[in-house]
Amino acid sequence: MVAVCASREAIPSPHKLFGDVRLKSPRYCLPRTAGGNGPATISPLRKLISNHTAPERLYLETRWASLVPYAAAAELLADVLPIDCGANATTVRQHALRTACRIERELTEERVSFMQDACPRDWMNLPIPDGRIVIGLDGGYIRDRNDRKKNFELIVGRSLPEEGDPRYFGFVHGHDPKPQRRILDHLKKQGVQANQDITFITDGGEEVRSLAEMIAPASEHVLDWFHITMRITVLRQFAQGLENHDEQAGQDMLQGLRRIKWHLWHGNGYRARDEIADLQCDAEGLETDYPNMRKFLSAIGEFQAYIASNSASLINYGERYRSGERISPAFVEATVNAVISKRFAKKQQM
């Protein structure tokens, strides 16, 4: 039984998109219990309205906070909406973290493949998928708030279906113990089926390459052409420097790099690896006073290991390019700038 005495209090105003709504909440005194450990008063309205922020405003706060710094999101809220209180960086950060924790709780158990959800013989009964979906993965480093000398890697991705809107996802590498379930849940929300063609385009790093393994039976992993040419460009700069000291040796190195690039462009990884081995052998046998020769040899060895570890991801880039398909994760580089760089107030590029 509730005691007769009662009082009224103003509970925190529910934060709406177009201003705060102030409510009066009665507070009732409870009778004392034997142990005296129970609450002395109770407010039914406070229990009924536990969240003081409307869902539509929480959606805007979380969405803007995921794209720009918390302070910028708070200033934008205060400029756009008639908000009297609660529009500060700390409140926006708390709401964004609360939403992130709720999304984490909604994740399913760890799964690494679509094959865990159904028997392969049932795939024939699935409807014909809409088309191929291309997923790009890339990473970026962020400075730790608690330790300025320490960085952690954030992996972000963007999926581009032939039919439908693109979507973003991301997670902290090394902190998330079950990253593949996050990609699977993301794909399922986008309507991807087990029998759908999925193309993963990455820079060939071991971390992102392992995420794309065994996601779906009809998936493939493609080493993007941009990172291949970037490494060949570094080798070409060394060869041009060698040409200034030994013209014939430098021209031979440049000719060998052109052959390597041609084989890789046409997806002939076997011939490309042979050419890289010959290039390394010829470079090691040179007797020259070129000061960067040791760095040149080290770069050739790294490029050889890079191509060997990603040999299964080499494709006929020329044929795919002529077909109008993607061979580079340039759209993911834009995602890294949008999600990481602008979100954490990185200075804009020239």
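Observations
- The listed peptides 294-303, 60-69, ordered by packing as a protection proxy, come out as 60-69, 294-303 (highest mean of other Cβ atoms within 10 Å first).
- Measure of compaction for segment 55-105 (Cα Rg per 2.2 N^0.38 Å): 1.05
- This model, with +1 at the C-beta of Lys and Arg and -1 at the C-beta of Asp and Glu, gives segment 55-105 a dipole about its Cα centre of some 300 debye.
- Paramagnetic reach from Glu319 (point 7 Å along Cα→Cβ, amide N under 15 Å) across segment 243-272: 263-270
- Cα point-scatterer Debye curve for segment 128-217, base-10 log of I(q)/I(0) at q = 0.10, 0.15 Å⁻¹: -0.28, -0.58
- Taking the Cα centre of segment 286-338 as origin and assigning +1 to Lys and Arg Cβ atoms and -1 to Asp and Glu Cβ atoms, the resulting dipole is close to 160 debye.
- Options Val134, Asn195, Asn151, ranked by Cα towards positive dipole end of segment 128-217, top entry (Cβ charges): Asn151
- The simple Förster model, with R0 at 51 Å and r as the Cβ-Cβ distance, assigns Asn244 and Arg167 a FRET efficiency of 0.55.
- A crude spin-label estimate for the pair Leu81 and Leu107, with each label 7 Å from Cα along the Cβ direction, gives 2.8 nm.
- Per-residue extension of 0.36 nm, minus the Cα-Cα distance of Asn125 and Arg63, leaves a gain of 18.5 nm for this segment.
- Rounded to the nearest 20 debye, the dipole magnitude of segment 128-217 is 480 debye, with +1 charges on Lys and Arg beta carbons, -1 on Asp and Glu beta carbons, and the Cα centre as origin.
- Using the Cβ-Cβ distance between Gln251 and Ala330 with R0 set to 35 Å, the FRET efficiency from 1/(1 + (r/R0)^6) comes to roughly 0.60.
- Computed E for Leu97/Arg271 - FRET, C-beta separation, R0 45 angstrom, nearest 0.05: 0.30
- Normalised contact order of segment 128-217, rounded percent, pairs of Cα under 8 Å and 6 or more residues apart: 33 percent
- With a cut-off of 9 Å between beta carbons, the residues surrounding Gly174 carry a summed charge of -3, where Lys and Arg count +1 and Asp and Glu -1.
- Maximal additional length on extending the Thr288-Tyr141 stretch stands at 49.0 nm, based on 0.36 nm per residue less the C-alpha distance.
- Between Trp262 and Arg132, the simple spin-label model (points 7 angstrom out along Cα→Cβ) gives 2.6 nm.
Each reported figure results from applying straightforward, stated rules to the coordinates on display, with no laboratory input. Owing to the predicted nature of the structure, the values given are computational and were not obtained by experimental measurement. Virtual Cβ from ideal backbone geometry, glycine too; neighbours counted across all protein chains shown.
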